[in-house]
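The values are calculated or read from the model by the stated rules, or taken from the named source; none is laboratory data. Treat the numbers as computed from the prediction; the structure is a model and nothing was measured. FYI the Cβ positions are ideal-geometry reconstructions off the backbone, even for glycines, and counts take in every protein chain you see.
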Amino acid sequence: MTAADTPLIGDFPSPAEARLDGARIGVVTFPGTLDDRDAARAVRLAGGTAVPLWHADQSLHGVDAVILPGGFSYGDYLRAGAIARFAPVMTTIVSEASAQQAESPLPVLGICNGFQILTEAHLLPGSMIKNDHLKFICKDQVLRVENTATPWTAQFTQDELIAVPMKNQDGQYVVSAAELEQIEAEGRVVFRYVGENPNGSRNHIAGVTNPRGNVVGLMPHPEHAVEAGYGPDDATGMRSGTDGLTIFTSVVGSLAGGK
Amino acid sequence: MSEFNIDTVENAATTPETELPWAELGLKEDEYHRIVEILGRRPTAAELAMYSVMWSEHCSYKSSKVHLRQFGEKVTDQMTKDLMVGIGENAGVTDLGDGWAVTFKIESHNHPSYVEPYQGAATGIGGIVRDIISMGARPVAVMDPLRFGDIDHPDTKRVLPGVVSGIGGYGNSLGLPNIGGEVVFDSVYQDNPLVNALAVGVMRHQDLRLANASGVGNKVVLFGARTGGDGIGGASVLASESFDDAKPSKRPAVQVGDPFAEKVLIECCLELFGKELVEGIQDLGAAGISCATSELASNGEGGMHVELTNVLLRDPTLTPGEILMSESQERMMAVVTPENVEAFEAVMGKWGVEYSWLGEVTDTGRLIIEWDGETIVDVDPRTVAHDGPVYERPYRRPAWQDELQADRFRSSGAGQNLPATAEELGEAVVELMTSPNMADVSWITDQYDRFVGGNTALSQPDDAGVIRVDEETGLGVALATDCNGRYAYLDPYAGAQLALAEAYRNVATSGAVPMAVSDCLNFGSPEDPEIMWQFAEAVRGLSDACMELGVPVTGGNVSLYNQTAGRAIHPTPVVGVMGRFDDVSRRTPSGYQRWADGQAIYLLGTTADELDGSEFARLRGHLGGTPPRVDLAAEKTLGEILINASRDGMIDAAHDLSEGGLAAALAEMSLRFGVGARVSVQELCERDGLDPFTALFSESQARAVVALPRSEELRFTDMTTARGFPALRIGVVDAESGGLEVTGDFPGGSFGIGLDELKQAWSSVIPSRFGALTEAEIATREQ
């Protein structure tokens, strides 16, 4: 897709015009969302079809999975994600993601602000507060993948180390002692920071999942590590890191029925 | 509805004796008389407000105009062939090929950032981004050239963290990667920090929009944030005079930014452009509605009728004059045909953006503004927007300039007992790299998002920021901003040329073909003839050099009155150069990567004994003499070599030589990816007749260091030989050593610097002043 026919954010084609081959993955745009184009690109590079979803539209247009991308939804002046959780689109996402009876509830990935929204919506435990150093930080970050049972991480190997960019101001993951013990015991920590804790997160937690494993939130940005030349530095060279792509190929593969 | 007396045009005509506060609004007596002459009566309070802001230095360029003309005059057909929009619009537009166009511009927000660092810097980003949107472009990146006072001065600790978090807080929220800039510390900027901001945007050719109100009967709409009392007189008052302790606080004159409102405004405007719903558009920056109405009207059919009570207000007590002058942020004005009104309103509704219809375009040649049906402004908009005063300010070369230039580093006390042994030279390299101006700036740049958008191909600390424009072809742009104020102080003509040369060189070093220039001319008070001389010389130098390098100035900004208590900053003409890449995947990084072990390192260009104004001289507390020689023909050839080498895949790393000379370039190339090198300066000293110290620390221009695989050496040197450009193999990349080893004909024979220790020292300079909370502080905050 050339940039010329890239739809403006929010000015998306109707689902009928979207490609119907491959997994159809919704990317939600709230006012103030910033990384929606990046998430859509990552879906495309993984072989899926990105379907733009609009915050004010309750319909998920029949998508197979949903990504809540990063940004500052509604400005995040109150508390990150606190207003976005009340958006009409979230009502449907919460309902489909937490459907107890469903055989396979809707896979949802929240990245950065999306993670914050998922905790505000109580799909994931815990909350995010300001980084302990009180600054915005943008850096290449190494993570350990500790749970490969989710549709978003199925193609990683257990304890695989991956490098993806992180960039946030409110990225310090906090959770009550009891809940922390529970998510650790249940193996629901999906990603953990390796090396120095970049923001003071409890137990170095970078990403968690819900008990069913369909909802995953993480602070760093896998959608910025999907294309050689524009990702983080890695052993093969400058900006060559594409470790993040596996998150998107994982979900596309999971939806296709395989691993 | 008005609770105050409205000064109508009718009232003004019958009360000529009424005293008006023109002096308080910054107008000179002769300027006020000129307004009376234009109108044939005294101005109303609202008209006075409009003229005062639009005729301020900041908006009218009254002191600089006569000089700036040279940027438009010294051009060739070759220079303008890709120029779609030149100087005078919100920002210049350059054809990038394949139906793409690029627009970029630098502006200053110096004075507000000193008064209120966070909001001053934040709204600086906001303002320049709106300039880019109003051309019809999607903004794709920002950069920030910053200059602060002494790194250890207590006030720098107030200004720098605020500025950095303001830039980050606003820019990060817009989804614009910050791809580079500059950080300079010098006590001359102590009470006048320079906070410049560059934004770049891209568009398809057909999306180009201009600020004019055409089509009689078309509707005029104001949309975005509501109008408040913030920033009243911000541009005219703040940026048009020096700071003085005796005056009241200027804090309320600084605008307050809302990046969320701006982000929504960007998307909303792009949707308007995509649906072709606006005929003309103008952002509201300095001088707010005064500027937008008078510029739109005078660039179009020449008339506009506005009802000012329709403006949505944050503060209902504002007077008409205040509404006209307010510099509230995140506002745009557009002209819409009657048939598009409904569709326009639908887009506003979708994005939740407030708007109000203010009036319509007329063919009367008059800008009429009414307040509740009563006429409070009736002017020819050209007299407000374009026919402001023009000053031929007197200028003269300072008497002290000769003496300054005669004070050469070599013959000064500071220039004696220079490092000569291996140990001394090694220590000098470390001292250089741990000086505030050479230190790692990642403590600052790590507070900016450089990934958002997924198109950043290079960013700080490489020589230029590089952004992909077309995901299919890899078509993209490179941008660099530079200025060495010390050079410009020693010789403003040469200094401005050297700023251009360095930015040009940086863009070429990354592999892009330089295409266009934007400048931000930061100077002291134009009322001082010696400052005015610096300004005139810098503009003359820059325009001459643009002509010689074949790159046009497409726009920019002038910031004067950067002086406090009679002490002016160094003349600081910051120059931004934009270059074009056919394919950004060809970009050249500024350091050796690990896989480049064993690659040959070449120095391109000639080194002379040029230490006046250098970083090394600064370390020794000396500033005198003349800056390095300008050789634009050599810059051009060097640029061609670097661009061809990138395009043909010959080189894997390239770094230009500037502040700190060869020593700094070699250290930075190794620090970039933590990969060492072994270098000899012996042949260089023999070829150019230098001692080892001069070879390492001279700041001769038109030089770069490149690294290339041995298999490419012959092809590369054939190219440099064919162009008659000096290229000397000075060393090899050594990925195993973990250090930079330099050998030469000096006592001791060689010195080595461990990269780990160097990195530790180099990267802790800035955090040790501004950064890292102590463990105790963190503990307190967690309780």
Scope region A:147-180; condition crowded, with 21+ Cβ neighbours inside 10 Å, of a type in the set (D, E, K, R) and more than 14 Å from chain B (Cβ to nearest Cβ); matching residues: none
Residue match in region B:137-154 (condition: free of Cβ contacts under 8 Å to residues at least 12 places away in the same chain and either basic (K, R) or at negative phi (or both)): yes
Complete set of residues in region A:160-179 that are in a helix (DSSP H, G or I) and touching a residue at least 40 places away in the same chain (Cβ under 8 Å): A:E179
Those residues of region B:10-50 which are crowded, with 17+ Cβ neighbours inside 10 Å, aliphatic (A, V, I, L, M) and in contact with a Pro (Cβ under 9 Å, 6 or more places away or on another chain), in sequence order: B:A12, B:L20, B:I35, B:A45, B:A46, B:L48, B:A49, B:M50
Positions within region A:188-242 being hydrophobic (A, V, I, L, M, F, W, C), farther than 29 Å from A:S104 by Cβ and touching a residue at least 40 places away in the same chain (Cβ under 8 Å), in sequence order: A:V194
Residue check, B:E635 closer than 30 Å to B:E683 by Cα, at pLDDT 95 or above, surrounded by fewer than 24 Cβ atoms within 10 Å (Cβ to Cβ) and out of contact with any Cys (no Cβ under 7 Å at 6 or more places or on another chain): no
2 or more residues of a type in the set (A, V, I, L, M, F, W, C) and more than 22 Å from B:S60 (Cα to Cα): qualifying helices (runs of 4 or more DSSP H) within region B:260-374: B:341-351
Test result for A:L106, more than 14 Å from chain B (Cβ to nearest Cβ) and buried (at least 20 other Cβ atoms within 10 Å of the Cβ): yes
Among the candidates B:L208, B:L222, B:L194, residue that is crowded, with 24+ Cβ neighbours inside 10 Å, touching a residue at least 40 places away in the same chain (Cβ under 8 Å) and farther than 22 Å from B:Q447 by Cα: B:L222
The lone exception for B:M348 - which of (1) in contact with a Phe, Trp or Tyr (Cβ under 6 Å, 6 or more places away or on another chain); (2) of a type in the set (A, V, I, L, M); (3) closer than 16 Å to B:Q282 by Cβ it fails: (3)
Selection status of B:T588, modelled with pLDDT of 95 or more and assigned to a loop (DSSP other than H, G, I, E, B): yes
Candidate set: region A:68-84, residues that are among the hydrophobic types (A, V, I, L, M, F, W, C) and assigned to a loop (DSSP other than H, G, I, E, B); chosen: the one farthest from the other protein chains (Cβ to nearest Cβ): A:A82
Some residue of region B:521-542 being closer than 24 Å to B:Y189 by Cβ and assigned to a strand (DSSP E or B): yes
Residue count, region B:555-606 (criterion: of a type in the set (S, T, N, Q) and either more than 14 Å from chain A (Cβ to nearest Cβ) or within 16 Å of B:I106 (Cα to Cα) (or both)): 7
Region A:202-241, residues that are more than 14 Å from chain B (Cβ to nearest Cβ) and crowded, with 24+ Cβ neighbours inside 10 Å: A:I205, A:A206, A:G207, A:V208, A:T209, A:N214, A:V215, A:V216, A:G217, A:L218
Tally of residues being within 14 Å of chain A (Cβ to nearest Cβ) and not acidic (D, E) across region B:426-463: 19
Qualifying positions in region B:94-113 - small (G, A, S) and either away from every other protein chain (no Cβ under 14 Å) or within 11 Å of the chain's Cα centre (by Cα) (or both): B:S108, B:S113
Test: residue in region A:183-196 that is within 16 Å of A:C112 (Cα to Cα) and of a type in the set (V, I, T): yes
